[in-house]
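Asks: Before anything else, here's the structure in question.
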Amino acid sequence: MPADNVEIVSYDKFSLSSSSSDEEYSSYRKVDSSDDEGIQFAVTGDPKDESNEVHFESLPRKDLHEAFLKKCVDVILKEAVFEGTKRQNKVTSFKSPEELRSLFNFELKDGASSHDKLLRVVRDTIAYSVKTGHPYFVNQLFSSLDPYGLVGQWLTDALNPSVYTFEVSPVFTLMEEEVLKEMRRIVGFQGGEGDGIFCPGGSMANGYAISCARHKFFPDAKTKGLHSLPRLVLFTSEDAHYSIKKLASFEGLGSDNVYLIKTDSRGKMDVKDLESQIERSLKEGAAPFMVSATSGTTVLGAFDPLNEIADLCQKHKLWLHVDAAWGGGALMSQKHRHLLSGIERADSVTWNPHKLLTAPQQCSTLLLKHKGLLAQAHGTGAGYLFQKDKFYDTKYDTGDKHIQCGRRADVLKFWFMWKAKGTNGLVQHVEKVFENAAHFIQLIRDREGFELVHPTPECTNICFWYIPKSLRNAKSEKDYGERLHKIAPAMKEKMMKEGTMMVTYQSQKGLPNFFRIVFQNSALNKSDMVHLVEEFERLGSDL
């Protein structure tokens, strides 16, 4: 039911006013038709009522805030959660930066705003944002709007914890340990033993892995700094996530000391080239210390041969890190975990539940085989926070192993999802999205106008060219590649302006721009696969 003081006057389409200026919004007007989807509200009651006023105290009061909060939640549920994820509605209503500045009031002023104005801001924010929970948002390595994850996210924000000590976050401290142990068990670490943390994104998880590997071999770096070290070298594939280079630079190793290993046509690391580059670094007098393999590369979705890489790491006494931020979700399924065969031999693993498992952003983990190493590498024992004479067992004060101090409880939304669906539900989810990807490949493999970048993709990101009729007989022409390169950007522009779906494109290894569609929303079905294929054909029909 609607909140008090809110009357639903129409479930028809509505149009936004041309500007969210500082006009008073005592009500919302009903219109008969528009291209924008949503639900129309009318705010009733006395606009001068005190409940419509904003007070500066940072404390919720039932008499001042209950009605406002209920209105906001009603709007969010109806317009973002339900209307925003309907197939017949738009993924986005694209506006240029200039248009959006004129339509949305970003200005901050000295004076307070009324609750009516703030409610309008909520609606405008929803209207002009991309609906990443929409079934046809297949643009990035995250998507979906999981209802149980959403409840966990809301509960997290309502409690506003910081997870560094048991006394401040008793539930979340124990919850983190349980989830991380179970994830380590799924990876294959014996008995789920080891260590782990939730990180603000997979890039930071990869950075933690570099830091832990360095500390394992060169613990003096923590106190003496980089000048005490030899030239450290780490290895990753040329198709690996850019965060490896970025975090190596951030941590003072230098991006030049990240040796990029060749990949094959499928995007897998070339193990012979890896061994050659390790030997090269030794001849140069450097100190190789780490290999970062990838399980599910960003573009092609390739899985590096982990057992062969692990053999080399064992031979040369190198730390093996596996960036499974994207592909880690496949570990949940006995049908697909073979893609990560050998991951149990890793020293550290990055795994992002907000990717293939569709937990709400952000939800990223680093899992370690080495117990206590995180605290050794990063701990400082601040006496004002991590006192050792507390009345409870201080082993549960886990914050010192993080480089952050204040830290969100990213665990709750994922734990709540897992609790709701059970492990079997997560397995069913993973297997459904792999089935969707396989069906999409089957649809386009021999369909005129579609050409796969690689004929047998391993993961659920599918890379392909759409070749319009004007180019289908032009492959032998000298400028064919240049002309094909322009097709994806042109189609993406039409796609965004019409808002019918979102699919990204990119160029890699000198190839013309190609599309990468990403399947991870288990609500999609075979008819959606057909719809997406036909939408590509429609968007490219006149190019």
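The values are calculated or read from the model by the stated rules, or taken from the named source; none is laboratory data. Predicted model, so just to flag it, every value in this text is computed and none were measured. Cβ sites come from the backbone with ideal geometry, for glycine too, and all protein chains shown count toward neighbours. With ligands, DNA and RNA removed, areas are computed over all heavy atoms of the protein, side chains included. Shrake-Rupley method; radii C 1.70, N 1.55, O 1.52, S 1.80 Å.
Asks: Can you list the aspartates and glutamates whose alpha carbon sits under 13 Å from that of residue 475, skipping same-chain ones fewer than 8 residues off?
Replies: Qualifying aspartates and glutamates at Cα under 13 Å: 451.
Asks: Can you give me the Cα centroid spacing of the range 207-247 and the range 56-123 in angstrom?
Replies: The range 207-247 and the range 56-123 have Cα centres spaced 43 Å from each other.
Asks: Could I ask something else about it? So how far, in whole Å, is the C-alpha centre of the range 135-195 from the one of the range 341-386?
Replies: 12
Asks: Spelling out what I want: for every residue of the range 399-414, take phi, set θ = phi - 60°, compute 6.51 cos²θ - 1.76 cosθ + 1.60 (Karplus), and round to whole Hz; glycine and proline get x.
Replies: x, 6, 7, 9, 7, 7, 9, x, 8, 5, 8, 5, 5, 4, 5, 6
Asks: I've got another one for you. Where the accessible area of the chain is counted over protein heavy atoms with a 1.4 Å probe, how much of it, in %, is carbon and sulfur? Walk me through the intermediate numbers first.
Replies: Numbers: 13030 of 25250 Å².
Whole-percent figure for carbon plus sulfur exposure: 52.
Asks: Anything over 19 Å Cα to Cα? Flag those among 70/90; 222/315; 181/268; 216/401; 181/401; 395/421, in the order listed. Before the final figure, lay out the partial values.
Replies: Details: 70/90 26 Å; 222/315 27 Å; 181/268 29 Å; 216/401 14 Å; 181/401 16 Å; 395/421 31 Å.
Distance filter (> 19 Å) returns 70/90; 222/315; 181/268; 395/421.
Asks: In addition: Please label the shape of the range 161-415 as rounded, prolate or oblate, based on the square roots a ≥ b ≥ c of the eigenvalues of the alpha-carbon gyration tensor (a/c under 1.5 means rounded; beyond that, a/b larger than b/c means prolate, else oblate).
Replies: It comes out oblate by the Cα gyration axes.
Asks: Taking 0.36 nm per residue of separation and subtracting the Cα-Cα distance, what length does fully extending residue 226 through residue 421 add? Before the final figure, lay out each step's value.
Replies: Details: separation 195, 0.36 × 195 = 70.20 nm, distance 4.68 nm.
Full extension of this stretch gives 65.5 nm more.
Asks: Find the accessible area per residue for the range 161-415; the probe is 1.4 Å, ligands and nucleic acids are left out, and the unit is Å².
Replies: On the way: 10150 Å² over 255 residues.
Averaged over the residues of the range 161-415, the accessible area is 40 Å².
Asks: Ranked highest first by average number of other Cβ atoms within 10 Å, how do 314-324, 339-349, 68-78, 288-298 line up? All intermediate terms of the calculation are to be shown ahead of the outcome.
Replies: On the way: 314-324: 21.7, 339-349: 23.5, 68-78: 17.7, 288-298: 27.5.
Result, highest mean Cβ count within 10 Å first: 288-298, 339-349, 314-324, 68-78.
Asks: Let me ask you something else. Need the list of aspartates and glutamates near residue 246 for cross-linking: C-alpha distance under 12 angstrom, and skip anything on the same chain fewer than eight residues off.
Replies: Qualifying aspartates and glutamates at Cα under 12 Å: 256.
Asks: For the range 53-109, what is the accessible area per residue in Å² when the probe is 1.4 Å?
Replies: Details: 3890 Å² over 57 residues.
Spelled out: the 1.4 Å probe surface of the range 53-109, per residue, equals 68 Å².
Asks: Longer than 18 Å from Cα to Cα, which of 317/369; 262/509; 272/509 are they? Say none if no pair is.
Replies: On the way: 317/369 15 Å; 262/509 11 Å; 272/509 20 Å.
From 317/369; 262/509; 272/509, over 18 Å: 272/509.
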